[in-house]
Structure formats: structure tokens, C-alpha cells
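Structure record follows, encoded as C-alpha cells.
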Amino acid sequence: MAMHKSFFGLPVATLQELQTDFTACLKAIAIAGASYSIAGRSFTRANLAEVAQTIKELQAAIDNASGNRVSRYTPTFPTQRP
């Protein structure tokens, strides 16, 4: 799943509150098998991947707002041997 960055630009406090809500949602669904509602939207076991992705996106937005940027590098190795 691609990162949408739809949460970037929101205040850190709002992002952290949303992250807490979605984490509670994930726990309720995964552990108890219950449905969970956030802001009038219901989530069920079928939405586990979506909820987990949303938590990742919120963490990325929190890191970005806090000045913590994660860079990913792919190493390249020489293909010829000496």
C-alpha cells in the first residue's frame, strides 16, 4: 500500500489523538473481534489492514511534523570481482 500523506500538515496533538484512537480500534478488532467506530465510521475485522496502514501513515505524519525524517537507502554492490 502506498503512503497517501493525507495526515501531513495536521497539528501533532491531533495526529497523536488519531493514532491513539486507531490503535484502540486495532486492538478491539484484533483481540475481541468487535467492531469499532471512529468519527461515525465503523471498522470490522475486514478493515484490519486499512486500520494498520492508517496507523503507519499517522506515525509518518507525526515523525514529519516533529522533524524526524526516516530515509531509506538501497545499497548497491559492485557486480565485478577484483
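Taking only the range 1-53 into account, find how many residues are in contact (Cβ under 8 Å) with a residue 24 or more places away in the chain and touching an Asp or Glu at 6+ places or on another chain (Cβ under 8 Å).
5
Pull up the range 7-31, narrow it to residues that are over 17 Å from Phe43 (Cβ atoms) and surrounded by fewer than 11 Cβ atoms within 10 Å (Cβ to Cβ), then point me to the one that is modelled with the lowest pLDDT.
Among those that are over 17 Å from Phe43 (Cβ atoms) and surrounded by fewer than 11 Cβ atoms within 10 Å (Cβ to Cβ), it is Gly9.
Taking the range 62-73, which residues are modelled with pLDDT of 70 or more and at negative phi?
Within the range 62-73, Ile62, Asp63, Asn64, Ala65, Ser66, Asn68 qualify.
The values are calculated or read from the model by the stated rules, or taken from the named source; none is laboratory data. As the structure is a prediction and not an experimental result, all values here were calculated from the model. Cβ sites come from the backbone with ideal geometry, for glycine too, and all protein chains shown count toward neighbours.
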